[in-house]
Amino acid sequence: MSAVTQDAPTSPQLHAVLTHRRLPRWAPFGIAVGAVALGAAIGLGAGLTSHVQWGLIALVLFVIGTYAITARVEGRRQARDRVATSLVWACFVVAVIPLYSLVETTIADGLKVLNTDFLTHSMGGIIPTEAGGGVYHAIIGTLEQVGLASVIAVPIGMLTAIYLVEYGRGKLAQVVTFFVDVMTGIPSIVSGLFILSFWIIILGFGYSGFAGSLALAILMVPVVVRSTEEMLKLVPNELRESALALGVPKWRTILRVVLPTSIGGILTGVMLAVARIAGETAPVLLLVFGNQLINNNPFSGAQSSLPFYVFEQYSLGNQYAYDRAWAAALVLIAFVMILNLVARGIARWKAPKTTGR
């Protein structure tokens with residue numbers, strides 16, 4: 001013991017660790033602030049008007065500054081470690097920049113005509129090359145078409161996922177999994193053509209919002225199946241075994257234990273599927289056919305939708321139409337965001353309650 005005690009303070013490795021200089025915890029934040037300020041200064045000096053370009057310059061300066069300062073204070077090995085961490089954060093920021101640019105552009109251009117009149121009026125009686133008109137008929141169409149598609153796809157997708165996770169064995173489960181994988185890669189135009197040939201040409205039904213909902217449901221089902229399947233797999237088997245050991249039937253175990261445990265992830269997957277179909281235009285072009293007037297009946301007559309309205313207005317090629325298209329795109333983004341917030345609230349409300357000491 002005495003030998004160890006005498007040797008410990010004089011150990012070169014321990015001495016290096018204890019006396020090695022380290023950057024303070026706020027150093028990355030300070031380097032980031034300096035990089036942003038220097039990037040903005042370079043951008044202004046070079047005459048760059050895009051904030052995205054400023055941000056990219058700041059990211060490069062942040063990585064270079066992190067390595068240089070860390071290498072001088074802590075050494076090259078620690079500098080490489082910090083640079084790797086900085087690159088991870090830089091990749092995250094680079095991924096967020098296009099989203100920020102899209103949202104910023106949509107808000108800036110969409111707010112020009114977005115008001116109460118725009119949300120409560122249709123395009124009936126409005127000359128396309130003049131100001132005015134609204135998106136009310138497209139909002140109704142989107143709500144009805146996405147709602148009907150969700151009513152069709154969510155139960156089918158959830159039941160399929162429950163079968164694959166809880167009951168699926170043998171060739172049937174393999175076949176179902178194969179077709180779900182195939183459906184995941186189906187282009188929206190293909191689902192629209194399928195419903196067009198089957199529902200309208202063969203069965204003789206007319207263009208309607210419901211026809212568009214059928215095509216959207218085809219696109220929604222595989223997303224719901226895959227997301228629900230992964231969430232059900234995350235439920236610990238101990239919960240299932242505990243319920244079965246108490247004599248609870250398997251169907252009741254799934255209904256009262258498995259699904260409530262994974263409800264948050266399932267709802268998130270459903271919202272991803274809704275967000276995916278809410279912006280689809282090709283099935284609407286083929287099946288819903290578009291309408292300038294308000295049509296509250298999705299089972300009869302042509303309807304409009306927000307994606308179709310954006311495409312229609314942009315195709316007109318004048319500034320008033322462009323402004324209406326940007327405003328409709330902003331309404332569509334707000335629609336998806338509100339759905340996600342509602343789903344998160346429901347998931348938190350329905351999630352199993354945990355009690356702490």
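Here are a few things to note about the model shown:
- Residue within region 51-64 that is loosely packed, with under 15 Cβ neighbours inside 10 Å, over 30 Å from the mean Cα position of the chain (by Cα) and not hydroxyl-bearing (Ser, Thr, Tyr) present: yes
- Scanning region 265-276 turns up no residue that is of a type in the set (Lys, Arg) and within 20 Å of Thr129 (Cα to Cα).
- Residue check for Ser315: assigned to a helix (DSSP H, G or I) and surrounded by fewer than 18 Cβ atoms within 10 Å (Cβ to Cβ): yes
- Considering each residue of region 154-164 in turn, none proves to be surrounded by fewer than 18 Cβ atoms within 10 Å (Cβ to Cβ), farther than 30 Å from Ser304 by Cα and in contact with a Gly (Cβ under 9 Å, 6 or more places away or on another chain).
- Among the residues of region 178-192, those that are surrounded by 13 or more Cβ atoms within 10 Å (Cβ to Cβ) and either in contact (Cβ under 8 Å) with a residue 40 or more places away in the chain or assigned to a loop (DSSP other than H, G, I, E, B) (or both) comprise Val180, Thr184, Ile186, Ser188, Ile189, Ser191, Gly192.
- For region 158-179, the condition holds for no residue, the condition being that it is farther than 30 Å from Lys233 by Cα, among the hydroxyl-bearing types (Ser, Thr, Tyr) and within 24 Å of the chain's Cα centre (by Cα).
- Helices (runs of 4 or more DSSP H) wholly inside region 14-129 that include at least 2 residues being among the acidic types (Asp, Glu), at pLDDT 80 or above and farther than 30 Å from Ile294 by Cα: 76-110
- Failed item in (1) among the hydrophobic types (A, V, I, L, M, F, W, C); (2) farther than 30 Å from Thr253 by Cβ; (3) out of contact with any helix residue (DSSP H, G or I) (no Cβ under 6 Å at 6 or more places or on another chain); (4) in the same structural domain as Pro298 (by TED's automatic domain parsing), with Ile126 passing the rest: (4)
- Residue within region 102-119 that is under 27 Å from the mean Cα position of the chain (by Cα), free of Cβ contacts under 8 Å to residues at least 40 places away in the same chain and either on the phi > 0 side of the Ramachandran plot or buried (at least 16 other Cβ atoms within 10 Å of the Cβ) (or both) present: no
- Only one of Arg344, Arg324, Arg348 that is in contact (Cβ under 8 Å) with a residue 24 or more places away in the chain, surrounded by 16 or more Cβ atoms within 10 Å (Cβ to Cβ) and among the basic types (Lys, Arg): Arg324
The values are calculated or read from the model by the stated rules, or taken from the named source; none is laboratory data. Since we're looking at a predicted model, the values are computed, not measured. A quick note on method: Cβ atoms are made from the backbone with ideal geometry, for glycine too, and the neighbour counts reach across all protein chains shown.
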